[in-house]
Ligand SMILES: NC(=O)c1ccc[n+]([C@@H]2O[C@H](COP(=O)([O-])OP(=O)(O)OC[C@H]3O[C@@H](n4cnc5c(N)ncnc54)[C@H](O)[C@@H]3O)[C@@H](O)[C@H]2O)c1
């Protein structure tokens, strides 16, 4: 049955999720990571020794996800911290992106996150404690051309998380719900941006993945409701508050890949 409570991370095989897993393991906590990338999970298991366990799962498959969560609950009990981190981005114009890519983006970035929140909330409440952490994005606060599906999924994460935070407050829930909104971070998702015209002269702005994960872990420990773990993201939020037009101009410069609006895939 349940051993010491563990940390769960979706999308643990690379990027921010991988760093979170490494840093929690280094603190001596047992970590379980869900990811579609079995090879990435395997290499993390080797690196972390017995502290990390990888569970292969395609988050786009709701039935499989629910099965994995229930299996985990039976085998390991309820986590003390669950981090919904997995995410994908397609940088494409609205007539270029396929319907399957649109749906996949919403499924992984939003609906899988909702499935995990609902599942663990139900099981954490009776334990009297626990933190659920949703990784959104600055793209969940500021719009961006060529990223409409991603932005829609991240605005959904922001709205969902903020509403549920208020619901938990109102009902004096013992479970904490945290929203993390990173800006540019040096990971595979950023490389999708680079391949699609993210200007090289702005690359210095991207935060190192280790620093981003460290800031997230500090924020979780402090029980912060909203965490902005990158300096570039904080600057973009300040720009948005000062002038939404200026923020739109900046996102045209950085993510503004020119697309052929007449082209259909
Ligand atoms: N890197 C950035 O600049 C940035 C900025 C803002 C927000 N974010 C968010 O941070 C989170 C982590 O992104 P990252 O930058 O580390 O990206 P990443 O591509 O390095 O990692 C994403 C992980 O999610 C996993 N994943 C993708 N599809 C999956 C599926 N169907 N089932 C299970 N796992 C799947 C991948 O295998 C990968 O391990 C995402 O939610 C992303 O939107 C990243």
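We did not get these values from a lab; they are worked out from the coordinates using the rules stated. From a predicted model like this one, the values you see are computed outputs, not experimental measurements. Neighbour counts run over all protein chains shown; Cβ positions are idealised from the backbone, glycine included.
Judged by the ratio a/c of the largest to the smallest principal axis of the C-alpha gyration tensor, the stretch 65-179 counts as oblate, that ratio being 1.5 or greater while a/b is no larger than b/c.
What does the C-alpha gyration tensor say about the overall shape of the stretch 97-252? Classify as rounded when a/c is under 1.5, otherwise prolate if a/b is larger than b/c, or oblate. In terms of gyration-tensor shape, prolate. With contributions of -39500 (n - 2.57) from each DSSP H run of at least four residues, the per-residue ellipticity at 222 nm computed over the chain stands at -15000 deg cm²/dmol.
Normalising the Debye intensity of the chain to I(0), with uniform scatterers on Cα atoms only, and taking log10 at q = 0.09, 0.11, 0.12 Å⁻¹ returns -0.39, -0.59, -0.71.
Counting only alpha carbon atoms, the long axis of helix 62-76 and the longest principal axis of the chain meet at about 40°. Can you give me the angle between helix 38-48 and the longest principal axis of the chain, using Cα atoms only, in degrees from 0 to 90, rounded to the nearest 10? Relative to the chain, helix 38-48 is tipped by roughly 60 degrees. When peptides 7-16, 83-92, 64-73, 101-110 are sorted by average Cβ neighbour count within 10 Å, with the highest value leading, the order is 7-16, 83-92, 101-110, 64-73. Sequence-distant contacts, meaning Cα pairs under 8 Å at least 6 residues apart, place the relative contact order of the chain at 20 percent. What is the angle, in °, between the Cα long axis of helix 112-124 and the longest principal axis of the Cα atoms in the chain? Nearest 10 is fine, range 0 to 90. The answer is roughly 30 degrees.
All C-alpha to C-alpha distances of the stretch 1-150, sorted into 10 Å bins beginning at zero, yield P(r) values of 11, 40, 33, 13, 2, 0 percent in whole numbers.
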